[in-house]
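Let me begin by presenting the structure, written as structure tokens, before commenting on it.
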Amino acid sequence: MNGAYIRFRIMAWVAGIMSLILWFVDIPVKYFLTVPYLEDKIDWIPIVHGYQYPFYIITVMELSYRLKWDVIKIVKFILAGTLPVASFLAEKKVRAIYNSSK
């Protein structure tokens, strides 16, 4: 359980940071500022976010298997990786669950 917990915490932070960068840097620059020079410099953001999100889902699935979560809880934790700040809240909840089970 300890390894799954640590992997989930890391991926929750990575997903949260990438989601914040996507929502508050990439999307505003591409759709509101429309500066071609800046658009070329931030093309990597959605690519990195797209590649890291499946790893986040895998860590959620591994942790949910070990903690025997129901399907609704699994879906909530998976969706937490799509919204800014939600994955940080999910990580906080998992930390509380892990600390209470010690």
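The values are calculated or read from the model by the stated rules, or taken from the named source; none is laboratory data. It should be emphasised that the depicted structure is a prediction, and the values quoted were computed from it without experimental measurement. Please note: Cβ atoms are built from the backbone with ideal geometry, for glycine as well, and neighbour counts cover all protein chains shown.
Filtering segment 61-77 to residues that are surrounded by fewer than 14 Cβ atoms within 10 Å (Cβ to Cβ) and not in a helix (DSSP H, G or I) leaves Lys68, Asp70.
In segment 1-20, the residues that are of a type outside the set (Lys, Arg) reach residues that are crowded, with 18+ Cβ neighbours inside 10 Å and not in a helix (DSSP H, G or I) with C-beta atoms within less than 6 angstrom, at least six apart or across chains, in these pairs: Ala15/Gly81.
Of the set (1) within 21 Å of Leu22 (Cα to Cα); (2) touching a residue at least 40 places away in the same chain (Cβ under 8 Å), all apply to Arg66 but (1). The one condition from (1) in contact (Cβ under 8 Å) with a residue 60 or more places away in the chain; (2) assigned to a helix (DSSP H, G or I) that Gly81 does not meet is (2). Scanning segment 74-96 for residues that are over 15 Å from Arg7 (Cα atoms) and either touching a helix residue (DSSP H, G or I) at 6+ places or on another chain (Cβ under 7 Å) or hydroxyl-bearing (Ser, Thr, Tyr) (or both) gives Ile74, Ala80, Thr82, Leu83, Pro84, Val85. Restricting attention to segment 33-57 and to residues that are farther than 14 Å from Ile21 by Cβ and in contact (Cβ under 8 Å) with a residue 24 or more places away in the chain, the residue that is surrounded by the most Cβ atoms within 10 Å (Cβ to Cβ) turns out to be Tyr56.
Given the residues Ser101, Ser19, which is the only one that is loosely packed, with under 11 Cβ neighbours inside 10 Å, of a type outside the set (A, V, I, L, M, F, W, C) and either in contact with a Leu (Cβ under 9 Å, 6 or more places away or on another chain) or modelled with pLDDT of 95 or more (or both)? Steps first, please.
Details: Ser19 fails: loosely packed, with under 11 Cβ neighbours inside 10 Å.
Ser101 is the lone residue from the list that is loosely packed, with under 11 Cβ neighbours inside 10 Å, of a type outside the set (A, V, I, L, M, F, W, C) and either in contact with a Leu (Cβ under 9 Å, 6 or more places away or on another chain) or modelled with pLDDT of 95 or more (or both).
Taken over segment 42-60, residues that are assigned to a helix (DSSP H, G or I) and either in contact with a helix residue (DSSP H, G or I) (Cβ under 7 Å, 6 or more places away or on another chain) or among the polar types (S, T, N, Q) (or both) amount to 11. Number of residues in segment 84-98 that are in a helix (DSSP H, G or I) and either modelled with pLDDT of 95 or more or under 21 Å from Met18 (Cα atoms) (or both): the value is 10.
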